[in-house]
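The structure appears right after this line, and notes come after that.
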Amino acid sequence: MSRISKSAMRLVMVGGLFALLFLFGCESPSPYTPFACIEADPTIGYDPLTVSFDASCSFAEGMSPPPEGMFSYGWDFDDGSAAGSGMTVEHTFVEPGTYEVQLGLIYTEGRKAGIPAAGTTRTITVLPEG
């Protein structure tokens, strides 16, 4: 077993679960490289703002689409609320501000699958009610 330096990994919290994200040349735990993607509607509006999030655009390279159940989905809404789960979720932001919503893909056997890629975060802007 090879040793992995501290600089080659970082601890992240997604969906209330701690997972190791291996970076910088470490091998993926699967022959398929996964990519996380978030679609959101709307991405800007007045408080309270209810946003629909959809991760069905996520995929594993070499598998289109990946088999159902290959991943579980963890959502961090960046507003101090409970984490979300599921391929599609709806969340209401009640305070004005800018939020960086994060999605993590997790193999069903618990290994971290969401390699950082464009689309793993989505900015939501909530304006104060005028």
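One residue stands out in the range 40-70 among those that are modelled with pLDDT of 95 or more, in contact with a Gly (Cβ under 9 Å, 6 or more places away or on another chain) and surrounded by 15 or more Cβ atoms within 10 Å (Cβ to Cβ): the one that is nearest to T88 (Cα to Cα), namely F53. Just name the residue that is modelled with the lowest pLDDT out of those in the range 71-117 that are crowded, with 20+ Cβ neighbours inside 10 Å and farther than 17 Å from A40 by Cβ. The qualifying residue modelled with the lowest pLDDT is A113.
Any idea which of D54, D78 is touching a residue at least 24 places away in the same chain (Cβ under 8 Å), in contact with a Phe, Trp or Tyr (Cβ under 6 Å, 6 or more places away or on another chain) and among the charged types (D, E, K, R)?
Among D54, D78, only D78 is touching a residue at least 24 places away in the same chain (Cβ under 8 Å), in contact with a Phe, Trp or Tyr (Cβ under 6 Å, 6 or more places away or on another chain) and among the charged types (D, E, K, R).
Taking every residue in the range 88-104 that is outside any strand (DSSP E or B) and pairing it with any residue that is among the hydrophobic types (A, V, I, L, M, F, W, C), at least 6 positions away or on another chain, the pairs with Cβ-Cβ distances below 7 Å are E95/V126; P96/V126; P96/L127.
The values are calculated or read from the model by the stated rules, or taken from the named source; none is laboratory data. All values derive from a computational prediction rather than experimental measurement. Backbone-built Cβ (ideal geometry, glycine too); neighbour counts: all protein chains shown.
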